[in-house]
Structure formats: C-alpha cells, structure tokens
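Notes follow once the structure below has been shown.
The values are calculated or read from the model by the stated rules, or taken from the named source; none is laboratory data. None of these values were measured; they are calculated from a predicted model. We place every Cβ from the backbone using ideal geometry, glycine too, and count neighbours over all the protein chains shown.
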Amino acid sequence: MRKLKLKVLFTLMLFLFGTASIPYAQSPALHELIVQSFSKLQDPNSGLTSFRSLYIPIGGRSEAMAGAFTAMSDDASFFEFNPAASSILKQTELAFFHNFWIADSAVDTLIFTRRSSDLGYGAALKTFYIPFTEYNMFGQRASTGYYSETTAMLNVSYNLFSGYTFKGLAIGGNFKTSFRNIPDYSDNISGLIIPKSGLAQSGLACMGDFGILMRFNAGKLYSSREPNL
C-alpha cells in the first residue's frame, strides 16, 4: 500500500512539473539561451559553402568503404580518395557512374585512367544537377531549368622505388576546375526573365588534391602477390 502511494505521488509530481515547464519551454528566452549555449560551435561560413557536390563520392564501392578506400584505391573511384592511385592500378579503366540523389537530383561521372609502367594519369568529368523551377508572387511558373555543378579533373601520379616486396611509394595530384551554373530568373513582378541573371550568380573555382600511397608486406605468413599493409 505504501509503495502504491509513493508511485501515485511521484506520477503526480512528474505531471505537475511537466505541465508547469511547457510554457517556459516555448518561451523565446529559453530558445535564446539554447542558441547562445551552442554559438561557439557554429561555423561562421554556414550557408556560404559552394560546390557541395564535391562531397558526393564517386562509385558505390568506394562510398561503402568510406575512409578505408583511401588506402585501397584500386579502381577508377580513386579520384576523390587518393590521387596517387593511378600509378598502381592493374589495368586501364573507362568508367561511368550514375547516382540518383535526394530531391530529384543526380550525379553523373565519366572517368578514364591509364598506367604506363610506374606513371599513371587520367581524367574525369563529374556533373551534379537538380531541376530548378521559379514561381512568381501569384504562384505561376516563371522560369525553369537546371541548377548544376560541373567539375573537370586531371590526374597524374608516379610510383617510386617499386619492387616485388616493397610495392613503392606512389605520389600524385589532381587539378580540378568547377563551374556552378544557375538558370536565369525573372524579376518576380512582370514575370519576364532577366537576361544573364543566372550567370551573375554562377561561379568558377580551381582546386588541387595531393595524395601519397605506400604498400608493402610486413609479418606476412601466407603466399600472395597483394601487399598486406
């Protein structure tokens, strides 16, 4: 009987506390306090980042392996994981990847890579695109098109000191240039398209990647041509 009374008292106190705290939880003061508490963790460039399509990996296998693929890099997906890998690929590769993404967007990538002895090189073209539709103040369709980000990549790498046991020290780099295309939009009043308005909001960027890849055998107790470290 005593335990039952304690349970009822505890439930009643919990209900009263929860009911009393609801108005405070909805108050602007509490919301401001929470925001200020996490203000030091905010990125000052939040919402200003361009070419976010570069964060979308190429290829399902490399995406599934995540960071581990940086050390493997044994197929054409190496472009966005380790630029040094073109000099250690076993064969010439021509690959096409199509990735359906969120909000009707998609990513298409075409890659060619080749190795000649210890020299590797390749090129890739990656395009992210999403349908764009503008509506005027009356809810009518004003303009349509595609928002897109296109990146062209050139790769070269070389494998130093390659041998049977020590597979070499591969070094390589990528040169990238990306173009962000925004369709022309209207003035939102007359509904007329503003010429070259999208071009004024578009952007061009140049980037570079550098990678190192070293493969060798260590403590290997089985027979295999593939290095274990």
Among the residues of the range 74-110 satisfying the criterion of being more than 17 Å from the chain's Cα centre (by Cα) and polar (S, T, N, Q), which is farthest from ALA152 (Cα to Cα)?
GLN91
Return the residues of the range 128-156 that are out of contact with any Pro (no Cβ under 6 Å at 6 or more places or on another chain) and among the small types (Gly, Ala, Ser); say none if nothing qualifies.
GLY139, ALA142, SER143, SER148, ALA152
Which residues, taken from the range 173-191, are farther than 30 Å from ASN228 by Cβ and polar (S, T, N, Q)?
THR177, SER178, ASN181, SER186, ASN188, SER190
Of the residues THR133, THR165, THR113, which single one is over 16 Å from the mean Cα position of the chain (by Cα) and farther than 29 Å from LEU213 by Cα?
THR133
Considering each residue of the range 135-191, count those that are part of a loop (DSSP other than H, G, I, E, B), in contact (Cβ under 8 Å) with a residue 24 or more places away in the chain and not polar (S, T, N, Q), and give that number.
7
Given the conditions (1) among the charged types (D, E, K, R); (2) in contact (Cβ under 8 Å) with a residue 12 or more places away in the chain; (3) out of contact with any Pro (no Cβ under 8 Å at 6 or more places or on another chain), and given that ARG215 satisfies all but one, which numbered condition is not satisfied?
(3)
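Among the residues that make up the range 68-82, is at least one of them among the β-branched types (Val, Ile, Thr) and crowded, with 20+ Cβ neighbours inside 10 Å?
no
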Of all residues in the range 168-197, which are farther than 29 Å from ALA76 by Cα and within 24 Å of the chain's Cα centre (by Cα)?
ILE182, PRO183
Checking the condition in the same structural domain as ALA71 (by TED's automatic domain parsing), at pLDDT 90 or above and either under 30 Å from LEU229 (Cβ atoms) or buried (at least 17 other Cβ atoms within 10 Å of the Cβ) (or both), which residue from ALA142, ALA170 passes?
ALA170
Where LEU41 falls short, out of the listed (1) over 29 Å from SER202 (Cα atoms); (2) surrounded by 10 or more Cβ atoms within 10 Å (Cβ to Cβ); (3) of a type outside the set (D, E, K, R)
(2)
Hits in the range 145-167 - residues which are among the polar types (S, T, N, Q) and surrounded by 14 or more Cβ atoms within 10 Å (Cβ to Cβ)
SER148, THR150, THR151, ASN155, SER157, ASN159, SER162
Selection count, the range 115-134, where residues are surrounded by fewer than 16 Cβ atoms within 10 Å (Cβ to Cβ), part of a strand (DSSP E or B) and in contact with a helix residue (DSSP H, G or I) (Cβ under 8 Å, 6 or more places away or on another chain):
1
